[in-house]
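The values are calculated or read from the model by the stated rules, or taken from the named source; none is laboratory data. Model, not experiment: these values are computed from the prediction. Note: ideal-geometry Cβ built from the backbone for every residue, glycine included; neighbour counts use all protein chains shown. Keep in mind that these areas ignore ligands, DNA and RNA; they rest on the heavy atoms of the full protein, side chains included. Shrake-Rupley method; radii C 1.70, N 1.55, O 1.52, S 1.80 Å.
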Amino acid sequence: MPLYDIQPLKIYNSLSGKKEVFEPLNEGHVGMYVCGPTVYSNVHLGNCRTFMSFDMIFRYLRHLGYKVRYVRNITDAGHLVDDADDGEDKIAKRARLEQLEPMEVVQRYTVDFHNILEKFNFLPPSIEPTATGHIIEQMEIIKDILQKGYGYEVNGSVYFDVVKFNETFQYGKLSGRKLEDMIANTRELTAQDEKKSPQDFALWKKAEPQHIMRWPSPWGDGFPGWHLECTAMSTKYLGETFDIHGGGMDLKFPHHECEIAQAEASFGHSPVRYWMHANMLTMNGKKMAKSTGNNILPGEIFTGENNILSKPFSPSVVRFFMMQAHYTSILDLSNDALLASEKGFHRLMEALDTLEVLETGRKSDFDLEPWKRQCYEAMNDDFNTPVLIANLFEAVKRINLIKEGKESISQSDKLELTQTLNAFVFEVLGLEQQKEGNGASNKLSGVVELLIALRDEARANKDFPTSDKIRDQLAILGIQLKDGKEGTTFSVS
RNA sequence: GGCAUCGUGGCCGAGUGGCUAGGCAAGGCUCUGCAAAAGCUUGUACAGCGGUUCGAAUCCGCUCGAUGCCUCCA
């Protein structure tokens, strides 16, 4: 029996505003689409948090035994910089600035994106489609929307008729907006605007002569509109209706709202069963933005090359930090917060090491079943990783107590505890043990063991100046000695 | 200006009508040659002001503040 049969998962659905029991369309299978990055610059940290949340969700769904098709696109066609702009898109603009081919920009930043995600130990999605690879599919949807009367062509561009759509459907239901309010609130239409209403959005945009990213179409040379690629690609790979659609909170409006409109106009029904939105990452209490300098790249955190943080932090520490907050909450990144997470993370990892060498006894003081149940209950409650982590620390405490000889654990419980912890820590949360274990570090541990032996000798002779010198000198090198009942161990920071 | 979300102890961050979140930091204790590590233990927090209720951090109203969206944005 698959785990999902005994673990009823609840998901907060942004569309209904409620936690709902998750029931996939097809038993045992989950289709999940997440809006990916626009690859016109280095992936930024906030972006990583969103994708990390869905990576964790992907991991947990798999852990429960679901067969998941996870589609995360790469936006390489660019979005319009501005409605009133000359129709140049982000990628094209960047390309001109750097004297590069647009696809060269795309390639460079796609590689950067993958590099960073790999450092964070992301699982690759099942399909990672690109917008430029699905121009034909996008044009097909435009034709369909035009044919159904929800689009209109002006001057080589095609727009979605939001007002017309709203007569039959409900535009704004995801973000809780009403079309009348929006119309009442909009600024003046610029004189040259081709749109019938400011709420209308582009399905196809005519390319001006200087525009380098362009494709021929029934409406002339141009490029697809902002929201269409996700509709095209999610439909192609997951169907007209699929289980989960995710993305950052900021995409709720207008992007996801428009996706719903396009799908409803084209297929006549809502495309997504569970909408999930990950919340924003702030830094030192403020929005992260390049323009204000309140910004840091993931790579700069790993190397420490920045003037915001006091030291470098490993990808796993950053991941742990992010997992300590619920994905629907705003999370604030700061030096203090990362420092605190780093210590907690190491304590957790050291407990896992301790567990491996723990001696077993005849009976167990640690009742595993209720503990394990609480771990699953946390995750089943809309992927509550902070509560899961609180439970993991309960296990840490018990492991240390057993090590101290104050409690004991049976052979079979130790095995089960190990398996459960590994499943949650590595498989679900995607954390990684700081890797050592190569030839150099074997030599290092040999050396440290030798020093420990010398120190023990000194201590036995009450030659404390010598023993303290060994301890303190090693500490300066980042090697910490830990005296315990069973002798001295060490850890390298 | 409009819409939305949020405001929890020194810091980060769960919870959301009555019952310990957790991590980090701090104090005390155990262990230790002294420390560190580890364990035990302490702290009585829910922006402010009203209201509902037997009871509210949790529901309602207002005020203040923050963040997001309203224009590409995770």
Enumeration of residues in the range A:238-251 that are surrounded by 18 or more Cβ atoms within 10 Å (Cβ to Cβ) and more than 9 Å from RNA strand B (Cβ to nearest atom): A:Leu238, A:Phe242, A:Asp243, A:Ile244, A:His245
Looking at the range A:362-407 only, could you name the residues that are more than 19 Å from the chain's Cα centre (by Cα), more than 9 Å from RNA strand B (Cβ to nearest atom), over 21 Å from A:Met349 (Cβ atoms) and not acidic (Asp, Glu)? A:Arg362, A:Lys363, A:Ser364, A:Pro370, A:Arg373, A:Tyr376, A:Gly405
State whether one or more residues within the range A:360-373 are among the aliphatic types (A, V, I, L, M), closer than 30 Å to A:Gln411 by Cβ and assigned by TED's automatic domain parsing to the domain that holds A:Phe393. yes
Can you run down the residue pairs with Cβ atoms below 8 Å, 6 or more apart or on separate chains, where the first is in the range A:204-217 and over 17 Å from A:Glu137 (Cα atoms) and open to solvent by 80 Å² or more (accessible area, probe 1.4 Å) and the partner is outside any loop (DSSP other than H, G, I, E, B) and charged (D, E, K, R)? A:Ile212/A:Arg96
Residue count, the range A:43-77, condition within 13 Å of RNA strand B (Cβ to nearest atom) and touching a His at 6+ places or on another chain (Cβ under 6 Å), comes to 0
Single unsatisfied condition, A:Ala378 versus (1) among the small types (Gly, Ala, Ser); (2) crowded, with 19+ Cβ neighbours inside 10 Å; (3) closer than 30 Å to A:Asn294 by Cα: (3)
If I filter the range A:74-93 down to residues being touching an Asp or Glu at 6+ places or on another chain (Cβ under 7 Å) and among the aliphatic types (A, V, I, L, M), which single residue comes out as modelled with the highest pLDDT? A:Ile74
Hits in the range A:17-42 (condition: over 12 Å from the mean Cα position of the chain (by Cα), open to solvent by less than 50 Å² (accessible area, probe 1.4 Å) and within 12 Å of RNA strand B (Cβ to nearest atom)): A:Gly17, A:Thr38, A:Val39, A:Ser41
Failed criterion for A:Tyr40 (all others in (1) farther than 30 Å from A:Arg96 by Cβ; (2) of a type in the set (Ser, Thr, Tyr); (3) in contact (Cβ under 8 Å) with a residue 24 or more places away in the chain hold): (1)
Can you confirm whether the range A:52-73 contains a residue that is open to solvent by less than 30 Å² (accessible area, probe 1.4 Å), of a type in the set (Val, Ile, Thr) and modelled with pLDDT under 95? no
In the range A:252-269, what residues are more than 11 Å from A:Leu174 (Cα to Cα), open to solvent by 20 Å² or more (accessible area, probe 1.4 Å) and part of a helix (DSSP H, G or I)? A:Phe267
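Return yes when A:Pro8 is closer than 24 Å to A:Phe122 by Cβ and open to solvent by 20 Å² or more (accessible area, probe 1.4 Å) and no when it is not.
No, not satisfied.
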Residue list for the range A:270-285, filter: open to solvent by 20 Å² or more (accessible area, probe 1.4 Å) and more than 15 Å from RNA strand B (Cβ to nearest atom): A:Ser270, A:Arg273
Would you check which residues across the range A:124-183 are of a type in the set (Ser, Thr, Tyr), within 16 Å of RNA strand B (Cβ to nearest atom) and within 34 Å of the chain's Cα centre (by Cα) and list them? A:Thr130, A:Thr132, A:Tyr159, A:Tyr171, A:Ser175
Please go through the range A:411-422 and pick out each residue that is surrounded by fewer than 14 Cβ atoms within 10 Å (Cβ to Cβ) and either not polar (S, T, N, Q) or not assigned by TED's automatic domain parsing to the domain that holds A:Ala378 (or both). A:Leu415
Kindly provide the set of residues from the range A:340-361 that are more than 8 Å from RNA strand B (Cβ to nearest atom), of a type in the set (Asp, Glu) and closer than 11 Å to A:Val396 by Cα, ordered by number. A:Asp353
Residue tally, condition free of Cβ contacts under 8 Å to residues at least 60 places away in the same chain and either crowded, with 17+ Cβ neighbours inside 10 Å or within 14 Å of RNA strand B (Cβ to nearest atom) (or both), over the range A:292-336: 16
Does the range A:411-430 contain any residue that is under 27 Å from A:Ala325 (Cβ atoms), more than 10 Å from RNA strand B (Cβ to nearest atom) and either at pLDDT below 90 or outside any helix (DSSP H, G or I) (or both)? yes
Taking the criterion of being in contact with a Phe, Trp or Tyr (Cβ under 6 Å, 6 or more places away or on another chain) and more than 30 Å from A:Gly285 (Cα to Cα), would at least one residue in the range A:18-28 satisfy it? no
